[in-house]
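A short reminder: the numbers here are calculations on the coordinates, not readings from a lab. Bear in mind the structure is a predicted one, so any value in this text is a computation, not a measurement.
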Amino acid sequence: MKKITTALALCLSMSFFAQKGPFPALAGHTLEGSVISLPLAGTKKFTVVGICFKRSAEENLKTWIQPMYDTFVAKAKGTDYFDVANYYDVNYYFIPLISGFKKAAADFKAATQKDLWKNVIDCDTDIKLLKEQLKPADEGLPYFYVIDTNGKIVEVVSGKFSEDKMDKIQDAID
């Protein structure tokens, strides 16, 4: 019994560290055409990265689009100093690691708001390598990683949007 408990504790701690370790090096370009590498070197802001590993994650991902946009992308119109978008000054990126995205990028760009193009990354890094490093429990779900200024993953949430999951992301940034 003691051996089983020790083995379970070891497995749980390994999965915890696998998701909370350093974010793997990733290269790509935004839909605007800018070259980008993550994690961002020398940044003074936290980074939130949303990753979709398979097309089957699309329905759950759609539940996140508006809340993430409102919280991390939209800029205040006017002088409301308490606007959430101003308060959460983070780098935010979405990376669709789905097969065929390079071919579908033009269609995706046509269907996406122009102010989001700088936040969507077409990944040039080997997708299999990223999956091995990030170890998603279920590739059919979207994942959101909060990365600190040192490139370390400090929070991971996945699945359909909920206020509790958004709170976890925001708490990690605070």
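Looking at the P(r) of the stretch 103-169, how many percent of alpha-carbon pairs lie beyond 19 Å?
Above the 19 Å cut-off, the stretch 103-169 has 53 percent of its Cα pairs.
In vacuo Debye scattering of the stretch 22-173, one point per C-alpha: log10 I(q)/I(0) at q = 0.11, 0.14 Å⁻¹?
Ignoring solvent entirely, the Cα scatterers give -0.39, -0.66.
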